[in-house]
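The values are calculated or read from the model by the stated rules, or taken from the named source; none is laboratory data. Here the structure is a predicted model, which is why all the values come from computation and not from measurement. Backbone-built Cβ (ideal geometry, glycine too); neighbour counts: all protein chains shown.
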Amino acid sequence: MYHVYAFATPNSVKVPIALEELGIDYTLHAVNVRKGEQKSDVFLALNANGKVPVLTTDDREFTLTESAAILLYLAEKHGQLLSQDPVHRARTFEQLFVHASGLSPAFGQAGYFLKFAPEVMPHAIERFSGEANRQLKLLDAILSAQPFVAGDEYSVADIAHFGWIWRRAFANLTLDDTPNVQRWYDAVLARPAVARAIGKLELLASENS
Ligand SMILES: N[C@@H](CCC(=O)N[C@@H](CS)C(=O)NCC(=O)O)C(=O)O
C-alpha cells in the first residue's frame, strides 16, 4: 500500500490524481504546510527538503520526493500515463521539465511576492508574474495544436501542469486570455479520477486545518 504525505497544494494534488487514474489504493496523510508541519523532525526524516508531496510504502523501504519523479515512477511501475512511443515519451519529459523548472517556480514565486512577502517588491512581482503569464501563453500555443500537453494522449505531464493551474489563484492568474488552456483545464477537471483526488485532498485539508 502506498502512503502519500500531502496537503491541498498544487504539487501535492498531482500524486493522488495519478494514483486515482491508475486505480491504486493509497492512504493520505496530512502535512499542514500553513502551520509549518513540513519542517517538523518527523516529516524531515521522510523528506529532508521539507516539502510535500512524499510517496512511501508501508515499511518505508522506498520513499520518493519531488512530484515529477513520483509521477514518472508511478507511470513506469504501473505501465500507464506515459507513452511507449519515443516521440510522445520525449514530449512528456519535455513538458515535465518545463513544469518543474519553469511554470511551477514562476507560479510559486509570483504567489509568494503577491501574498506573503513581508514588503511589497514591485520588481519581483513584475518579474515572476510576468514569467508565470509567459508560461501560460506558451502552454496555450501548444494546446492550440493538440488536445494534451505532450500530444494526443493524456499523460503525467498533464497531471503536473494541472496541479499549478488548479491553484492559479494563488498567483492571481486567470485563464481569460488563454482559451486553449481553459479548454484543456476543463477537460482534465472533468475526469472522474481528478475529481476524486481533489475531493480527498480538500477533505484532508479541512479535517486538519
Ligand atoms: N519541486 C517540488 C516542490 C514541492 C513544493 O514546493 N511543495 C510545497 C507545497 S505545493 C511545499 O511543501 N511548501 C512548503 C515549504 O516549502 O516550506 C515538487 O515538485 O515536489
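Kindly indicate whether residue 208 is modelled with pLDDT of 95 or more and either closer than 30 Å to residue 83 by Cβ or of a type in the set (Ser, Thr, Tyr) (or both). For residue 208, the condition - modelled with pLDDT of 95 or more and either closer than 30 Å to residue 83 by Cβ or of a type in the set (Ser, Thr, Tyr) (or both) - is not met. Whether a residue is within 15 Å of the ligand (Cβ to nearest atom), on the phi > 0 side of the Ramachandran plot and not assigned by TED's automatic domain parsing to the domain that holds residue 98 was assessed, and residue 50 passes this test. So is residue 123 within 16 Å of the ligand (Cβ to nearest atom), in a helix (DSSP H, G or I) and in the same structural domain as residue 148 (by TED's automatic domain parsing) or not? So residue 123 does not fit the description; no.
Going through (1) assigned by TED's automatic domain parsing to the domain that holds residue 13; (2) surrounded by fewer than 20 Cβ atoms within 10 Å (Cβ to Cβ) one by one, residue 197 falls short only on (2). Any residue at all in the range 99-109 that's within 15 Å of the ligand (Cβ to nearest atom) and either in contact with a Pro (Cβ under 6 Å, 6 or more places away or on another chain) or of a type in the set (Val, Ile, Thr) (or both)? Taking every residue of the range 99-109 in turn, none turns out to be within 15 Å of the ligand (Cβ to nearest atom) and either in contact with a Pro (Cβ under 6 Å, 6 or more places away or on another chain) or of a type in the set (Val, Ile, Thr) (or both). Looking only at residues of the range 45-62 that are farther than 17 Å from residue 74 by Cβ and not in a loop (DSSP other than H, G, I, E, B), we find that the one that is farthest from the chain's Cα centre (by Cα) is 45.
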